[in-house]
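Have a look at the structure below, then the notes.
The values are calculated or read from the model by the stated rules, or taken from the named source; none is laboratory data. Here the structure is a predicted model, which is why all the values come from computation and not from measurement. Note: ideal-geometry Cβ built from the backbone for every residue, glycine included; neighbour counts use all protein chains shown.
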Amino acid sequence: MWFAACTVLLAALAAISDFRKGEIPNHLTLPVLVAAPVAHFWVHGPTGALFALAGVVGAGLGPYVLFRARALGGGDVKLFAAMGGLTGLAIGLEIVVVAMALGSLQALVVLAVKGRLTAVLQNAATVAVNMVRPRHRRVAVLPESLSHIRLGPAIFVGAVLVLVTSW
């Protein structure tokens, strides 16, 4: 129960920071990345530490791939990994999936309200088609034509939804 409470608190603080400043700071996520396996080791022994490490790697891997593709911020990746360390692999992955679904819904609504949904969907289609085109036939997508959203609030809501239904 304490690990779930820490996860919700971490997600809430990250959501507030992301909403206000557009970033999730390292001083919020990195200590949890270290402390979660140690705390699980202290409570559950070596199995607990492996449980937490599996959560860190499992919940952080997919977001890290998106980060490398410039589709997600580094703070989001560290937040997902830290929450995976607190909750373990299964719940950590569930938080990632629910939060990304909520973030996608948030992006669609925000872009529709701003009148940019069609342009962003066209850019997304171009990026997707470029992945299967030969290099010499790829269409350039200007970075300024892409759109960014603050995912922290969606991660918080996703974490709360998953934890309320899981614990």
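Tabulated data for the structure shown
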| quantity | calculated |
| --- | --- |
| Test: residue in the stretch 124-139 that is part of a helix (DSSP H, G or I) and either in contact (Cβ under 8 Å) with a residue 24 or more places away in the chain or aromatic (Phe, Trp, Tyr) (or both) | no |
| Yes/no for Ala35 being hydrophobic (A, V, I, L, M, F, W, C), in contact with a Phe, Trp or Tyr (Cβ under 6 Å, 6 or more places away or on another chain) and farther than 18 Å from Leu163 by Cβ | no |
| Some residue of the stretch 78-89 being part of a helix (DSSP H, G or I) and free of Cβ contacts under 8 Å to residues at least 24 places away in the same chain | no |
| Residue identified as over 30 Å from Leu50 (Cα atoms) and surrounded by 17 or more Cβ atoms within 10 Å (Cβ to Cβ) among Arg150, Arg138, Arg116 | Arg150 |
| Members of the stretch 16-34 found to be crowded, with 16+ Cβ neighbours inside 10 Å and closer than 17 Å to Gly92 by Cα, listed by number | Thr29, Val32, Leu33 |
| Residue that is modelled with the lowest pLDDT [pool: residues in the stretch 54-72 that are buried (at least 19 other Cβ atoms within 10 Å of the Cβ) and aliphatic (A, V, I, L, M)] | Leu72 |
